[in-house]
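*Asks:* Take a look at the following structure, please.
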C-alpha cells in the first residue's frame, strides 16, 4: 500500500479554538494531559485514550466528550422536532463541511443514493472528505474506527436522530459521510477486515490479518444514554 504524503495545514484562529476545546474535553475525560500543542496534542490525547482500553471503552470515552459539547436539552429538542427528512440530512451535510474541516481537512457536499421505504432516492446529503486529517496524522486504523467512525455514527444516529454512515478509505485516506443512511454493523463492512498500516502505525501488528484494535473485545458499537 502506498501511503499518501502528509498535507500541511494552516489553522486559523477558529480552527485553533475548536482544537483547543476538543483537546480540553478529551483531557478531562481521560484524566490526563499532553505536552504537545495544537492538532498534535489532540491526536496525542487520542492515542492516550486508546492505551489500556478496549474498543468499546475507547468509543464510550469519545461519546462522553461528544455529549459534553452539546447540552442534553438541545439534543432532545433536535430529536423531537426534526425528523431525518431529505432537507434535514442535506443541511447536516452542509453544516458538516463548515464545522468539521478543522478536524478532517477539506471536504465538500456530494450527491448520494439513500435507500428509503419507497426505494432509492438521490439527495445532496453526502460529504466527501478528500484526505482525512485525523487519519493522516494518526496513521492508525484502530484510532480511525474507535475514536472517529463509530462514535460519530452513534452520536448522530442516536443523539441527534439523524442516521449517519462513514466509509473511510485506507488507501488514500479519504472518507465519505452519508447523512440519512443508517450505519450497518461494523463486521459487515470492509473496515472490519482492514490490516494495520504496518509501515506507518506505531502500534501496528504486522502478523495480524486485520487491525486487532478493532476487535479487541468483540464490540462493534454501543448504546448511548438518551
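The values are calculated or read from the model by the stated rules, or taken from the named source; none is laboratory data. Because the structure is predicted, anything quoted here is derived from the model rather than measured. Quick reminder, even Gly has a Cβ in these numbers, built from the backbone with ideal geometry, and neighbours come from all protein chains shown.
*Asks:* Can you tell me which of 22, 42, 82, 18 is more than 19 Å from the chain's Cα centre (by Cα) and surrounded by 15 or more Cβ atoms within 10 Å (Cβ to Cβ)?
*Replies:* It is 82.
*Asks:* Mind listing just one residue for me: the one in the range 47-56 that is crowded, with 17+ Cβ neighbours inside 10 Å and touching a residue at least 60 places away in the same chain (Cβ under 8 Å) and, of those, nearest to residue 145 (Cα to Cα)?
*Replies:* The extreme case among them is 55.
*Asks:* Taking the range 10-62 only, how many residues are touching a helix residue (DSSP H, G or I) at 6+ places or on another chain (Cβ under 8 Å), closer than 17 Å to residue 102 by Cβ and not in a helix (DSSP H, G or I)?
*Replies:* Number satisfying all stated conditions: 2.
*Asks:* From the list 137, 159, pick out the single residue that is surrounded by fewer than 24 Cβ atoms within 10 Å (Cβ to Cβ), closer than 23 Å to residue 51 by Cα and in contact (Cβ under 8 Å) with a residue 12 or more places away in the chain. Spell out how you get there, then give the answer.
*Replies:* Working: 159 fails: closer than 23 Å to residue 51 by Cα.
So the residue among 137, 159 that is surrounded by fewer than 24 Cβ atoms within 10 Å (Cβ to Cβ), closer than 23 Å to residue 51 by Cα and in contact (Cβ under 8 Å) with a residue 12 or more places away in the chain is 137.
*Asks:* Please tell me if residue 200 is under 23 Å from residue 30 (Cα atoms) and modelled with pLDDT under 95.
*Replies:* Working: under 23 Å from residue 30 (Cα atoms): no; modelled with pLDDT under 95: yes.
No, not satisfied.
*Asks:* Working only within the range 63-77, note down all residues that are in contact (Cβ under 8 Å) with a residue 12 or more places away in the chain and part of a loop (DSSP other than H, G, I, E, B).
*Replies:* Of everything in the range 63-77, just one residue is in contact (Cβ under 8 Å) with a residue 12 or more places away in the chain and part of a loop (DSSP other than H, G, I, E, B), namely 70.
*Asks:* Does the range 164-171 contain any residue that is within 17 Å of residue 67 (Cα to Cα) and either out of contact with any helix residue (DSSP H, G or I) (no Cβ under 6 Å at 6 or more places or on another chain) or crowded, with 19+ Cβ neighbours inside 10 Å (or both)?
*Replies:* yes
*Asks:* Restrict the check to the range 97-119 and report whether at least one residue is touching a residue at least 40 places away in the same chain (Cβ under 8 Å), more than 16 Å from the chain's Cα centre (by Cα) and farther than 30 Å from residue 187 by Cβ.
*Replies:* Within the range 97-119 (the criterion being touching a residue at least 40 places away in the same chain (Cβ under 8 Å), more than 16 Å from the chain's Cα centre (by Cα) and farther than 30 Å from residue 187 by Cβ), the answer is no, since none of the residues qualifies.
*Asks:* Can I ask one more? Would you mind telling me which numbered condition in (1) within 15 Å of the chain's Cα centre (by Cα); (2) within 21 Å of residue 214 (Cβ to Cβ) residue 51 fails?
*Replies:* Condition (1) is where residue 51 drops out.
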